[in-house]
Protein chains: 2
Amino acid sequence: MSRSALYENIRAKQSFLCIGLDTDIDRIPKHLLASDDPIFEFNKQIIDNTQDLAIGYKPNTAFYEALGPKGMESLKKTMDYIPDDLLVIADAKRGDIGNTSRLYAKSFFEYYNADALTVAPYMGEDSVSPFLEYDDRWIIILGLTSNKGSNDFQHIESKDGIKLHEQVLMTCATYGTADNTMFVIGATQAAYMTKIRKRVPDHFFLVPGVGAQGGSLSEVAKYGMNNQVGLIVNSSRGIIYASEGEDFAEQARQKALVVQQEMAQLLAQYADRLS
Amino acid sequence: MSRSALYENIRAKQSFLCIGLDTDIDRIPKHLLASDDPIFEFNKQIIDNTQDLAIGYKPNTAFYEALGPKGMESLKKTMDYIPDDLLVIADAKRGDIGNTSRLYAKSFFEYYNADALTVAPYMGEDSVSPFLEYDDRWIIILGLTSNKGSNDFQHIESKDGIKLHEQVLMTCATYGTADNTMFVIGATQAAYMTKIRKRVPDHFFLVPGVGAQGGSLSEVAKYGMNNQVGLIVNSSRGIIYASEGEDFAEQARQKALVVQQEMAQLLAQYADRLS
């Protein structure tokens, strides 16, 4: 999916919501466990009930890997099921030397047919560049993450006064372009978003951490929105586990609707920024 | 596997060789393609022919993931097949927020029953600590990698004069102990090994990059060996693809034997360092 198509989707749906399919066999409603593939059945119903409110879905691959080969089948079926006009992000946080990253690219962009893959920056350019050889696919590089451990290394200041996450953004921005590279910037890091936005004005950010992790959507929009919105805000647990009952998909829809409505409001509020 | 058991194995076998099972369906001998599971069949014959010369095997999970669920079945069969007294390293370079890393730990330490897992440090402590809750298992954290891209971030110097990879070693060493944590230090980085060894004197290093990537085994031993050897040197392509014919496993054995003999020599040469 191109950047312009993504922006058009956001405008059309008045939403920059991505729904995280962190589907945990221990948390899905019990009545689904009787079906052939409970994980896929759960995802299918979530997708059926929320696809008009979201611009993408982000399966976290760990949840599927934890179930072995059968889980990977559920992942494949889920990714195939997501309609083509929605962004499919495989949240796998991969990264290895070149010949290995090439295989991960093959796996996620060919076999699973994802539009985007999250990748870790620590190993530098050759760990990332194989993913950039695919047209209309995205890599989403960890920039400043939402978790507590982000303080361990991401804020280390170089002798030139540049924090590690800023250097990661600046250097990784040179690997590709704003048309094939995004960055993960946690919603809990809104205080740094203004400075981050100056470093990479055009890139889309994938923003986790709204909801369960405590980030604020309005702050993210205030400090992070650029002239093509430039934000994909992910919510996982706060939406998909809205109910443990048979009404789980309808309840998920209600939660997604609340977020989408807040997003529509924010898009109106910052309309003067948009191109 | 405990650190003392690992050291005992190294002494008994006079080897600190780990064989990387980067098994690529496009590179294995053609006669294997007729079997039910060519990847497993290849690995099985490699393991049968080299297990007395190596102290561990390291399947790079990307090679298996690239084949979808069937590939993950080959991975599981391979890992189950490796004898218990050899270290099984899942080279997956995972790392995510705590609740997700917990799932990766479940996947690799419970489902695949690996002894060790490679992990990426960028997201800090909570991305790593779930793996440390397992007894007798290891995390192997990326320190200074063997690839060209390692220059992008790993050598950034902080305002306190500490390079990023050194800070990663020092900080990550506090998450666990030398009994459950190792570091990846590329063989191509031997020039930095003395300084690195001072930062983490007791930890084992997993050392890729000997062979195809051009690192020198004798330099790694000279600068990296500690009183319990502290080195696991991995070789993948240089051993497993020694021949494309029906004699591939025997030829792999010959290549592994050459490395093991050099290792025995180095263990003798530095015997005064060993406890």
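Please treat every number below as a calculation from the coordinates, not as lab data. Remember, it's a predicted structure, so these values are computed and weren't measured experimentally. All Cβ positions, glycine included, derive from the backbone under ideal geometry; neighbour counts span all protein chains shown.
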Quiz item: At what distance in nm do the modelled label points of B:SER158 and A:SER158 sit from each other, each positioned 7 Å from its Cα along Cα→Cβ?
Solution: 1.6
Quiz item: In nm, one decimal, shortest first: how far is the label point of A:PRO83 (7 Å from Cα along Cα to beta carbon) from the matching points in the other copies?
Solution: 5.8
Quiz item: Residues of A:158-167, mean number of Cβ from any other protein chain within 10 Å of their own Cβ, rounded to a whole number?
Solution: 3
Quiz item: Taking the Cα centre of chain B as the origin, how large is its charge dipole in debye, to the nearest 20, when only Lys and Arg (+1) and Asp and Glu (-1) carry charge on their Cβ atoms?
Solution: 800
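What FRET efficiency do you get for B:ASP80 and B:ASN227 if R0 is 30 Å and r is their Cβ-Cβ distance, rounded to the nearest 0.05?
Taking R0 as 30 Å, the efficiency between B:ASP80 and B:ASN227 is 0.35.
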Exercise. Would you tally the net charge around A:MET72, using a Cβ to Cβ cut-off of less than 12 Å, leaving A:MET72 out, and scoring K and R as +1, D and E as -1?
Key: 0
Quiz item: Gap in Å between the Cα centre of the range A:173-198 and the Cα centre of the range B:72-142?
Solution: 29
Practice problem: Could you work out how far the C-alpha centroid of the range B:28-55 sits from that of the range B:220-275, in angstrom? | Solution: 19
Quiz item: Hey, with R₀ at 25 Å, roughly what FRET efficiency would B:THR177 and A:ARG237 work out to, going by the Cβ-Cβ distance, to 0.05?
Solution: 0.15
Quiz item: Of A:GLY71, A:ASN151, A:THR118, which is farthest on the positive side of the dipole of chain A, counting Cα position, with +1 on Lys and Arg Cβ, -1 on Asp and Glu Cβ, and the Cα centre as origin?
Solution: A:ASN151
Self-check item: Within 10 Å of each Cβ in B:70-83, the average number of Cβ atoms from other chains
Solution: 2
Quiz item: For A:LYS76, which lysines qualify as cross-link partners when the Cα separation must be under 18 Å and same-chain residues fewer than eight apart are set aside?
Solution: A:LYS44, A:LYS58, A:LYS93, A:LYS106, B:LYS70
Quiz prompt | Percentage relative contact order, the range A:181-275, counting C-alpha pairs under 8 Å, at least six apart | solution = 25
Quiz prompt | Mean Cα-pair separation over length for chain B, i.e. relative contact order, pairs under 8 Å, 6 or more apart, % | solution = 21
Quiz item: From the residues B:ALA12, A:SER2, A:LEU169, which one has its Cα farthest along the dipole of the protein assembly as shown in the positive direction, the dipole being from +1 and -1 charges on Cβ of Lys/Arg and Asp/Glu about the Cα centre?
Solution: A:LEU169
Quiz item: Which one of A:SER216, A:TYR57, A:ALA252 is farthest out on the positive end of the charge dipole of the range A:3-273, using unit charges on Cβ (Lys, Arg +1; Asp, Glu -1) and the Cα centre as origin?
Solution: A:SER216
Exercise. Could you tally the net charge around A:GLU133, taking each other residue with its Cβ under 11 Å from the Cβ of A:GLU133, Lys/Arg +1 and Asp/Glu -1?
Key: +2
Exercise. Would you work out the charge dipole size for the range B:148-217 about its Cα centre, treating the Cβ of every Lys and Arg as +1 and the Cβ of every Asp and Glu as -1, and quote it to the nearest 20 debye?
Key: 160
Self-check item: Inter-copy spacing of B:GLU250 label points, which lie 7 Å from Cα along Cα→Cβ, given in nm from shortest upward
Solution: 7.1
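Among DSSP bridges having both ends in chain A, what percentage is antiparallel? Round to the nearest 5. Show your work: numbers first, answer last.
On the way: 2 of 31 bridges.
Percentage antiparallel, nearest 5: 5.
What FRET efficiency comes out for the pair B:GLN269/B:MET170, r = Cβ-Cβ distance, R0 = 30 Å, nearest 0.05? Can you show the working numbers first?
Numbers: r = 29 Å, r/R0 = 0.98.
It comes to 0.55.
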Practice problem: Mind running the shape call on the range B:3-273? Use the C-alpha gyration tensor, a ≥ b ≥ c as the square roots of the eigenvalues: rounded below 1.5 for a/c, prolate if a/b tops b/c, oblate otherwise. | Solution: oblate
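So how do A:225-235, A:239-249 stack up, highest first, on mean other-Cβ count within 10 Å? Mind showing how you got there, number by number?
Working: A:225-235: 23.3, A:239-249: 17.9.
Highest-to-lowest ranking by the protection proxy: A:225-235, A:239-249.
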Quiz prompt | Using distinct alpha-carbon pairs, which all enter the 1/r mean, Kirkwood radius of the range B:144-275 in Å | solution = 15.8
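How crowded by other chains is B:140-150, given as the mean number of beta carbons from other chains within 10 Å of each beta carbon?
Numbers: counts 0, 1, 5, 1, 0, 8, 2, 11, 7, 15, 7.
Rounded to a whole number, the mean comes out at 5.
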